[in-house]
Amino acid sequence: MSLSEIKSRIPDYARDLRLNLESVLAEAGAPGLTQKQIGLVALASAIASRHAPLVSAIETEAARSASTQDLDGARTAAAIMAMNNIYYRFTHQVEDKEYATLRAGLRMNAMANPGCDKLDFELCSLAVSAINGCGACVGSHEKTLRKHGVSAQAVQSAVRIAAVMHAVAVTVEQSVAAQPSIAPALAA
C-alpha cells in the first residue's frame, strides 16, 4: 500500500493527520532534519507504531533518500528501543530504586554500530522512545543529541514525526477495525 493510499484511509474526522503527515515528511515541515533523517525517523516510528501497511509505505518513501544500510539502522533503533523502553521504563517507574542500580543484562551491541550514522540512530531512538513512553530513554537520547550539537528544533521535528506516525497508525487501524469490509485490503 502506498502512502497516498494510507492518506486516503484517514477518515475525515482526522483530516488534520493527512496534512500533518504531508508536512512532517517534507524538509520544510521538519526543520533541522535532512530528508534522509526524516525518512529514517518516520520508518523507526512507523515500526514502533506497529502498523504494517504504514511501515511498508514509509519504507518505500525513506528508500528514496536513504541506503539499505541506513534503513537497517532505523530498524535496529526500533528493535533495540522496543526492548530498552520496556526495561528502562520499569526501572524508572518502580518505587524500589535498587533496580536502577542492577546490571540490565540485555545485549545492546547494535548500539555501538547501528548501521547508520550515530546521530541518525539517536534521532530514531528518541522518536521510538517517545512513542513507547519511556521518559528515561527520551531524556537520555535528547541529552546525547543536544551534546552533539543537534538543535532543539531538530529534536522537536523528530518527536513531531513520531507523534504523527503513531496517530496515523492508530487512526487508520481503528478506522479499518470499524469497517471490516476494508480490512483485507489493508492487510495486503
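Points to keep in mind about this one:
- Members of the range 27-42 found to be surrounded by fewer than 16 Cβ atoms within 10 Å (Cβ to Cβ) and either of a type in the set (Phe, Trp, Tyr) or at pLDDT 95 or above (or both), listed by number: 31, 34
- Of all residues in the range 32-49, those satisfying the criterion of being part of a helix (DSSP H, G or I) and among the hydrophobic types (A, V, I, L, M, F, W, C) are 38, 40, 41, 42, 43, 44, 46, 47, 48.
- Of the numbered criteria (1) surrounded by 14 or more Cβ atoms within 10 Å (Cβ to Cβ); (2) farther than 24 Å from residue 122 by Cβ, the one residue 78 fails is (2).
- Entirely in the range 91-188, the helices (runs of 4 or more DSSP H) that have 2 or more residues that are at pLDDT below 95 and closer than 30 Å to residue 9 by Cα: 152-178, 183-187
- Index of the failed condition, residue 68 passing every other in (1) within 30 Å of residue 102 (Cβ to Cβ); (2) β-branched (Val, Ile, Thr); (3) surrounded by fewer than 14 Cβ atoms within 10 Å (Cβ to Cβ): (1)
- The conditions of being on the phi > 0 side of the Ramachandran plot and in contact with a helix residue (DSSP H, G or I) (Cβ under 9 Å, 6 or more places away or on another chain) are not met by residue 105.
- Members of the range 89-117 found to be without any contact (Cβ under 8 Å) to a residue 12 or more places away in the chain and either under 20 Å from residue 79 (Cβ atoms) or crowded, with 16+ Cβ neighbours inside 10 Å (or both), listed by number: 90, 105, 107, 109, 112, 113
- Filtering the range 12-42 to residues that are of a type in the set (A, V, I, L, M), closer than 19 Å to residue 118 by Cα and free of Cβ contacts under 8 Å to residues at least 40 places away in the same chain leaves nothing.
- Residues (surrounded by 24 or more Cβ atoms within 10 Å (Cβ to Cβ) and over 10 Å from the mean Cα position of the chain (by Cα)) located in the range 43-54: 54
The values are calculated or read from the model by the stated rules, or taken from the named source; none is laboratory data. Only a predicted model underlies this, so the values are computations on that prediction, with no experimental measurement involved. FYI the Cβ positions are ideal-geometry reconstructions off the backbone, even for glycines, and counts take in every protein chain you see.
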